[in-house]
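The values are calculated or read from the model by the stated rules, or taken from the named source; none is laboratory data. Fair warning: this is a prediction, and the values are worked out from it, not measured in the lab. Glycine gets a Cβ as well: all are built from the backbone with ideal geometry, and neighbour counts include every protein chain shown.
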Amino acid sequence: MTATTIEWHAVFGLDELWEGDFLDVEVAGEPVLVVHLLGGEVKAYQGVCPHQEVMLADGDWDEESSVLWCGGHRWEFDLRTGEGINPAGCTLYEYPVKVEDETVYVGVPQDGQRHYNRCPGT
Amino acid sequence: MATHRVALPSGEEFSVAPGERILAAARRAGVWLPFECGWGSCGTCKATLVEGEVELLFPEAPAIKPRDARRRRILTCQTTPITDVVLKPTTVSSSPPEPLAVEDRVGTVVANLDLGPGLRRLEVELDRPVRYRAGQYAIVEPAPGLRRCYSMATPPGSGVAEIAFVYRRYPGRPGSSALWALRPGDPLPLELPYGAMWIRDDEPTGVVLVAGGTGVSPILAMVGDLAARGVTGTVHVVYGARRVEELVCADDLVEGLAALPRGRITLVVEDPPPGWSGPVGTVVDALEPDPDLRYYVAGPPPMVDAVLAHLDDGGVGLDRIAYDSFG
């Protein structure tokens, strides 16, 4: 078994993506949400909501709790983990991330898969 | 003022007349951009402005967020171009999403009937049948520039040419006052259907339909639709208003539910008359959350917010709830 190759893309400088903020970016044709959590950790998730593909970066966000509410239908996600809070059990796809020389890189696995989860609901 | 061109990275182009909304102009040109609510509440229609300048026609739109300007995100449903623009939407299609095949129509008012204090039923005839889902709404324009959302109270069947809306007059507010002033024979421009709060064909175990005030309008359509389809699962309507006189059309609901094996209704009022034996309070006080059921909630924003919080506390996930809040 061979490990999946990861293709790294530089997306933002840390001077653009401040702590407590998020931005969205297209990486290799895929919409990605990149969040700089309070405390310094950087995470990257699928950029569209698993419900109806509304852009998550259009939503509301509480930097203290790291909770994001999708603007479409108020679905809630914990951006520390990508886990769905309401509805529970609907998790965002998480991309690998690294920060080198004040630059954020998002990794795209070269696995031929779609890098987002869908959770249709009412 | 001139007509401007909108170009998309995918190659489509269309013209927008002065003051015309980008989303509507695209639709009229057969280009379907993402949308859902049609008036600036949901944000589904946001697109990235790549080049050019635009004017926002409804700066109070709830979906506008502080970070939009930085990301050059615009609400296509409430924005008109003031130069030629290049716009990047998330998706583009040559056909409408299934329950949102919006059309422009001009209806004729048939009746504007009193139902209760400050409450009326507006009946509108269309030149040909329209298709929608029970629970959806129209954006009506009772006077030039006044665009307002009203949910159809009539079940859609397989297409109907006469539709009705139950609405409240809010004194001093131009939209509902203009609707109140309509007389039989008056023309009424409308766009329909809009909205995501519609009854699915495959309701598995049952539904709870929650109406606050004139939120009863889409619930009437839903009950009529479920009755016509003869569904066998639970259909529980919870309908609340401040006073009994404001619980308009309750008889229509009772009649529709009587045709269903597991239909029932709970009426709740905040200010009960002498001898009232039902629950007292708001719809929240009469609602037992059940995570196995699906919830459809319609009413003024504070009531809808309270119901959503109550359902969340009761373990009902947002994937089992659809709602519309107007008023």
Practice prompt. Search the stretch A:36-54 for residues being in contact with a strand residue (DSSP E or B) (Cβ under 6 Å, 6 or more places away or on another chain) and of a type outside the set (Lys, Arg), and hand back the single one that is nearest to B:Val92 (Cα to Cα).
Written response: A:Val48
Practice prompt. Assess whether B:Asp271 counts as being more than 27 Å from B:Ser41 (Cα to Cα) and either β-branched (Val, Ile, Thr) or exposed (fewer than 14 other Cβ atoms within 10 Å of the Cβ) (or both).
Written response: yes
Item to complete: Of the conditions (1) more than 10 Å from chain A (Cβ to nearest Cβ); (2) in contact (Cβ under 8 Å) with a residue 24 or more places away in the chain; (3) part of a loop (DSSP other than H, G, I, E, B), B:Glu98 clears all except one; give me its number.
Response: (2)
Discussion item. If the requirement is being under 15 Å from B:Gly215 (Cα atoms) and in contact with a helix residue (DSSP H, G or I) (Cβ under 6 Å, 6 or more places away or on another chain), which of these qualifies: B:Ala259, B:Ala250, B:Ala241?
Written reply: B:Ala241
Item to complete: Determine whether the stretch B:276-289 contains at least one residue that is of a type in the set (Asp, Glu), surrounded by fewer than 23 Cβ atoms within 10 Å (Cβ to Cβ) and within 14 Å of chain A (Cβ to nearest Cβ).
Response: no
Item to complete: Keeping to the stretch B:308-322, report how many residues are out of contact with any helix residue (DSSP H, G or I) (no Cβ under 9 Å at 6 or more places or on another chain), at the interface with chain A (Cβ under 7 Å from one of its Cβ atoms) and within 20 Å of B:Thr282 (Cα to Cα).
Response: 1
Response to the item:
Residues in the stretch B:209-233 that are at pLDDT 95 or above and not in a helix (DSSP H, G or I) total 4
Worksheet, complete the sentence: Counted residues in the stretch B:67-87 being over 12 Å from B:Ile22 (Cα atoms) and either within 10 Å of another protein chain (Cβ to nearest Cβ) or in a strand (DSSP E or B) (or both) come to 5
Worksheet item: Do the conditions hold for B:Ala26, that is, is it under 25 Å from the mean Cα position of the chain (by Cα), surrounded by 18 or more Cβ atoms within 10 Å (Cβ to Cβ) and not aromatic (Phe, Trp, Tyr)?
Response: yes
Worksheet item: Among the residues of the stretch B:144-155, which ones are modelled with pLDDT under 95 and within 10 Å of B:Asp225 (Cα to Cα)?
Response: none
Worksheet entry | Some residue of the stretch B:197-204 being touching a Leu at 6+ places or on another chain (Cβ under 7 Å) and within 11 Å of B:Ile265 (Cβ to Cβ) | no
Item to complete: Name every residue in the stretch A:34-55 that is more than 12 Å from chain B (Cβ to nearest Cβ) and either in a loop (DSSP other than H, G, I, E, B) or of a type in the set (A, V, I, L, M) (or both), in order of residue number.
Response: A:Val34, A:Val35, A:Leu37, A:Leu38, A:Gly39, A:Gly40, A:Glu41, A:Val42, A:Ala44
Practice prompt. Quickly run through the stretch B:250-271 and pick out the residues that are in contact with a Pro (Cβ under 9 Å, 6 or more places away or on another chain) and more than 15 Å from B:Val235 (Cα to Cα).
Written response: B:Val268, B:Val269
Worksheet item: Can you name every residue in the stretch B:194-208 that is over 14 Å from B:Ser325 (Cα atoms) and either in contact with a helix residue (DSSP H, G or I) (Cβ under 8 Å, 6 or more places away or on another chain) or at pLDDT below 95 (or both)?
Response: B:Ile199, B:Arg200, B:Asp201, B:Asp202, B:Glu203, B:Pro204, B:Thr205, B:Gly206, B:Val207
Worksheet item: Out of the stretch A:64-122, which residues are among the aromatic types (Phe, Trp, Tyr) and either within 14 Å of another protein chain (Cβ to nearest Cβ) or free of Cβ contacts under 8 Å to residues at least 40 places away in the same chain (or both)?
Response: A:Trp69, A:Trp75, A:Phe77, A:Tyr116
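Yes/no matrix, rows are residues, columns are (1) under 22 Å from B:Leu33 (Cβ atoms); (2) at pLDDT below 95; (3) touching a helix residue (DSSP H, G or I) at 6+ places or on another chain (Cβ under 8 Å); (4) buried (at least 20 other Cβ atoms within 10 Å of the Cβ):
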{"position": "A:Leu33", "(1), (2), (3), (4)": "yes, no, yes, yes"}
{"position": "A:Tyr45", "(1), (2), (3), (4)": "no, no, yes, yes"}
{"position": "A:Asp60", "(1), (2), (3), (4)": "no, yes, no, no"}
{"position": "A:His73", "(1), (2), (3), (4)": "yes, yes, yes, yes"}
{"position": "A:Asp78", "(1), (2), (3), (4)": "no, no, no, no"}
{"position": "A:Gly89", "(1), (2), (3), (4)": "no, yes, no, no"}
Item to complete: Taking the residues in the stretch B:1-23 that are within 12 Å of B:Thr76 (Cα to Cα) and of a type outside the set (A, V, I, L, M, F, W, C) as candidates, determine which candidate is surrounded by the most Cβ atoms within 10 Å (Cβ to Cβ).
Response: B:Arg21
Response to the item:
By residue number, the members of the stretch B:40-66 that are within 21 Å of B:Thr3 (Cβ to Cβ), touching a Leu at 6+ places or on another chain (Cβ under 8 Å) and β-branched (Val, Ile, Thr) are B:Val50
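Listed here are the residues, each with its yes/no results for (1) within 16 Å of A:Val42 (Cα to Cα); (2) of a type in the set (Asp, Glu).
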| residue | (1), (2) |
| --- | --- |
| A:Leu68 | yes, no |
| A:Gly71 | no, no |
| A:Glu83 | yes, yes |
| A:Gly89 | no, no |
| A:Glu102 | yes, yes |
Discussion item. On the basis of being within 22 Å of B:Val307 (Cα to Cα) and either more than 14 Å from chain A (Cβ to nearest Cβ) or without any contact (Cβ under 8 Å) to a residue 40 or more places away in the chain (or both), does B:Thr234 make the cut?
Written reply: yes
Worksheet entry | Number of positions in the stretch B:156-181 that are modelled with pLDDT of 95 or more, touching a Leu at 6+ places or on another chain (Cβ under 8 Å) and more than 18 Å from B:Pro218 (Cβ to Cβ) | 3
